[in-house]
Amino acid sequence: MTDSTIAIIGGTGLTSLNGLEITRREVMHTPYGEPSGPITHGVLAGREVMFLARHGYGHTIPPHRINYRANLWALKNAGISRVVAVAAVGGITPEMYPPRIVFPDQIIDYTWSRGHTLFEEDLSHVTHVDFTEPYCAELRQCLLAGAQSIGLDAHDGGTYAATQGPRLETRAEVDRLERDGCDLVGMTGMPEAGLARELGLGYATCAVVANWAAGRGEGVGEISMEDVEKNVSEGMVNVRRLLEVVIPT
Ligand code: HPA
């Protein structure tokens, strides 16, 4: 393991990484409880990486019940310094069409009642971390360059709205998110990004647009779960290709 070992946190549609030669699985217990599952250690494209399925390996943990603190704490203590977070999202603004890949550069947190900080018990002093730029510029640049090198249709930048879930949003909620300046909506971006910052980890999100958010796109009807699945599978094929070129850097 090097001091810049990367962890991939896989979301919906990415509970495993084919191409990853698994070397071992590590069960971690943390002061915050149990992570979503054991950490998978392996080699991807010749480089050591760790993988964790955010919703559990059987995809059974809904976004608001994920133990984000345990997940991030476990990865940090297993020795990583950077995280590529893969996540399915809904597209709000015109450039965020399915199944595009997007590397957001800002985030707004609309979640509540999630364990969202490591700085609340046994403190010798109150700690505030800077979060002006929530994503790691260097890691975002690696993702972008990797996407360009393999000719992926990827978009650089955008504001991610982190909503509580597990239900999808109403049309009016999405209108509000757009008025707030959001381009994408997902349910797992926070507190994950904030906790990564508290732990001093470089963190970037590779979002796959799974659907037009409520009231967006052409249909303007209900969101079809069939379409979501189809876009997620298509998008994740590209994410896997991307990770294979990005991980060695
Ligand atoms: N809203 C919130 N989260 C999502 C969506 C959405 O439309 N699609 C995929 N994850």
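How large is log10 of I(q)/I(0) for the chain at q = 0.12 Å⁻¹ when the intensity is taken from the Debye formula with one equal scatterer per alpha-carbon? At q = 0.12 Å⁻¹ the computed log10 ratios are -0.64.
Using the beta-carbon distance between R47 and Q141 and R0 = 25 Å, what value does 1/(1 + (r/R0)^6) give for FRET efficiency, to the nearest 0.05?
After rounding, the FRET efficiency stands at 0.90.
How big is the C-alpha Rg of segment 156-249 next to the rule-of-thumb value 2.2 N^0.38 Å, as a ratio?
Working: Rg = 14.9 Å, N = 94, 2.2 N^0.38 = 12.4 Å.
Computed over Cα atoms of segment 156-249, the ratio equals 1.20.
Report the Stokes-Einstein translational diffusion coefficient (µm² s⁻¹, integer) for segment 127-203, Rh taken as the Kirkwood radius over Cα pairs, at 4 °C with viscosity 1.567 mPa s.
Values: Rh = 14.3 Å.
Diffusion coefficient, whole number: 90 µm²/s.
Using the rule -39500 (n - 2.57) for each DSSP H run of four or more residues, divided by the residues of the chain, the 222 nm mean residue ellipticity is -8500 deg cm²/dmol. I want the antiparallel fraction of DSSP beta bridges within segment 1-120, as a percent rounded to 5. Expressed as a percentage, antiparallel bridges in segment 1-120 total about 55.
With R₀ set to 22 Å, the beta-carbon distance separating T30 from E133 gives a calculated FRET efficiency near 0.25. On the beta carbon distance between F119 and T93, with R0 = 25 Å, the FRET formula returns roughly 0.15.
Once both labels are positioned 7 Å from their Cα atoms along Cα-to-Cβ, the gap between T60 and S149 label points is 3.9 nm.
Read the figures in this text as sums done on the coordinates, not as results from a lab. Predicted, not measured: the structure shown is a model, and the values here were computed from it. Counting neighbours? That spans all protein chains shown, and the Cβs are built from the backbone with ideal geometry, glycine included.
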